[in-house]
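To start, the structure itself, in structure tokens.
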Amino acid sequence: MEEIKQQKAQEFEYKAEMKQLLNLIINSLYTQQEIFLRELVSNSSDALNKVRFRRLSDSNFLDADVPLKIWIEVDKDKELFSIEDSGVGMSKDDLINQLGTIASSGTLEVLQQIRQRQQSFDGNLIGQFGVGFYSVFMVTDEITVDTRYIENDSIGLRWKSIGEDKFSIEEIEKKERGTKIYFKLKEDFKEYYEPERIKIILQKYSNFVDFPIFLNGEEINKVSAIWHKKKDDVKEDELNEFYKFISNDFQDPLAHIHLSIEGNVNFKSLLFIPQSAPPMLFKDVHEKSVQLYSSKIFIQDDCKELLPEYLRFLRGLVDTEDLPLNVSRELTQNSPVLAKIKNVITSKTLAHLEEIAENDKGKYEKFFKNFGSLFKLGVNSDWSNKEKITNLLRFESSALPKGEITSFKEYISRMKAEQKEIFYLTGDSREKVEQNPNLEYFKKNELEVLYLSDPVDVFTIPYISEFDGKELKSADKVDIKVSKEEETRLDSLTEDSSKSLIELFKDVLKDKVEDVLVSKRLVESPVTLVVGKEGLDAQMEKMMQYLDKEFTASKRILEINTTHPLIKNLAKMHIANDKNELLRSSITQLYEGALLIDGYLKNPNEFVKRTFDFMEKATV
């Protein structure tokens, strides 16, 4: 390569979001500053994997035969910390786009929320959000990156930043492919100049990196493909440390699944269920799930074809000999081998979850509270396993204290002998559900109702019409059946008075409601709104409105409790004077109050003003 003429370094300004992120990282207290090393080693490992993958199909690139290694040098006297790899390197565009912008959508928002709640930042957050490189600014004031990209015609580049407003890029003389990052440690972090300290950190976080790591010339890590070992030969400590290495998690896993499958498809796998869900379980497209290997050779970091969407909480790897080493990422998308592996993993995972649910209720509840929202989506996406998934679903219930969850099977075991249906009620929270007037009949008659307060429930429950022969019915849609005697008691007004009052309600409310009926479900409340037989569940309608601003909610049926003192008073007023404005205003107020409880009142100002008018007249 011709000698590069020295050029003035170009300066680039960080984007606004990046500035805020750097400020959060630099000025916030993370619980483990040592994770900066884990993140640097992880980045180097990724860069080396890219070279190894390219070697499978191409040898026409810079330093094609150079060994894949990571070198770390620490020198207390020179006050120098450096990490270098023979990986893929970076182009100028990479330096600008990868080191100058936030890697993960939503990262800044979540980190700011955590800071506002005055929670400490743990190192796991850095790994999850793909901003690991910047964790180095916790221990240094300035970072320099020397790099050369993998292509033969590439040039050496130097990236430099003090983590404030700007970074610079200049051309340099660099013969070897790869990247070297170096910096001077802050006064409070000079412990990381000590080789023994670095050795301990590497053994803690990076012992399973699939490339040799050298520290001041000494090889540190002893690579071990523990997924190829027999289950009985792998210690729990090994499993925990391996999980932490591949997941960037600080906690031990909640559970693991060790598979060695031979038959129609051959593969070995280590899969883990984390202790807790990431902050953006549904949103973060950068969240890594399961790695794909072929005969111990890394192929793909996040192979979506190995898992159905509802099991994307799993972390780990799959290693198969049934894929060619030169398989492309495009080919994996339609690979019959991966489709077979996916089916086996799905079946084994569901069986493992069934085993946990049967033998360790506490552990299963922890799993479900963390990942239940994602797991429930399997009901409407995996028809072949729908029954198994439905058996594993859990919900809060009127029969249990807050926080405890139950299955359909357990619900049925508590049902009354004459009960034919499984009742449920949706709402934004348990508190909101418990305040719903439509629950009153079920409370009075000691009928258990499942509380569906997870937004995902409205998309999954419609796909479960029955369980073990018992039909699922929404408590605000079910047709309440009572005896003739009870029906007479519930409609305590005379037939003419009741009929006349209902006609007045219809006249005042006109086309705002589908119908007005005497209620069989109310005990304490004067009125409630219920869904007609053909209408959508209330929570489903809210979700539809969220997805489609043009969506129009169906009209509700207004039920009135003729045993309630207020309704009786209105009936008397009606007999005395059916033109009474207070009577008509009261009917409107009752209707809008029911709307308010359901979260559908669009104009609360009129409702409040009318309330003040009532109070004024009542206090004369």
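Before moving on, here are some points about what is shown:
- Being surrounded by fewer than 21 Cβ atoms within 10 Å (Cβ to Cβ) and without any contact (Cβ under 8 Å) to a residue 40 or more places away in the chain is a property that does not hold for residue 308.
- Among the candidates 514, 471, 503, residue that is under 28 Å from residue 375 (Cα atoms) and at pLDDT 90 or above: 471
Listed here are the residues, each with its yes/no results for (1) of a type outside the set (Asp, Glu); (2) surrounded by 15 or more Cβ atoms within 10 Å (Cβ to Cβ).
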position	(1), (2)
189	yes, yes
193	yes, yes
203	yes, no
212	yes, yes
216	yes, no
228	yes, no
232	no, no
235	yes, no
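- Residue satisfying all of: in region 152-188; in contact with a Phe, Trp or Tyr (Cβ under 9 Å, 6 or more places away or on another chain), outside any strand (DSSP E or B) and at pLDDT 95 or above; nearest to residue 59 (Cα to Cα) among these: 152
- Residue within region 529-538 that is more than 10 Å from residue 562 (Cα to Cα), among the small types (Gly, Ala, Ser), buried (at least 22 other Cβ atoms within 10 Å of the Cβ) and modelled with pLDDT under 95 present: yes
- Pick from region 76-91, criterion small (Gly, Ala, Ser) and surrounded by fewer than 19 Cβ atoms within 10 Å (Cβ to Cβ), ranking: farthest from residue 194 (Cα to Cα): 91
- Note on region 539-620: enclosed helices (runs of 4 or more DSSP H) holding 1 or more residues that are within 38 Å of the chain's Cα centre (by Cα) are 581-598, 604-618.
- Selection of region 47-75 for residues being charged (D, E, K, R), surrounded by 14 or more Cβ atoms within 10 Å (Cβ to Cβ) and farther than 13 Å from residue 210 by Cα yields 54, 55, 63, 73.
- Being under 19 Å from the mean Cα position of the chain (by Cα), at pLDDT 90 or above and either closer than 22 Å to residue 46 by Cβ or assigned to a loop (DSSP other than H, G, I, E, B) (or both) is true of residue 271.
- Residues in region 349-393 that are out of contact with any helix residue (DSSP H, G or I) (no Cβ under 6 Å at 6 or more places or on another chain), of a type in the set (Lys, Arg) and surrounded by 16 or more Cβ atoms within 10 Å (Cβ to Cβ): 366 only.
- Taking the criterion of being part of a helix (DSSP H, G or I) and among the hydroxyl-bearing types (Ser, Thr, Tyr), the residues of region 342-384 that qualify are 346, 347, 349, 364, 373, 384.
- Failed criterion for residue 206 (all others in (1) touching a Lys or Arg at 6+ places or on another chain (Cβ under 7 Å); (2) assigned by TED's automatic domain parsing to the domain that holds residue 298 hold): (2)
- When region 510-524 is filtered for residues that are surrounded by 16 or more Cβ atoms within 10 Å (Cβ to Cβ) and either of a type outside the set (A, V, I, L, M) or closer than 14 Å to residue 583 by Cβ (or both), the ones remaining, listed by number, are 514, 519, 520, 521.
- Within region 200-210, one or more residues are among the hydroxyl-bearing types (Ser, Thr, Tyr) and closer than 23 Å to residue 32 by Cβ.
The values are calculated or read from the model by the stated rules, or taken from the named source; none is laboratory data. Since we're looking at a predicted model, the values are computed, not measured. Glycine gets a Cβ as well: all are built from the backbone with ideal geometry, and neighbour counts include every protein chain shown.
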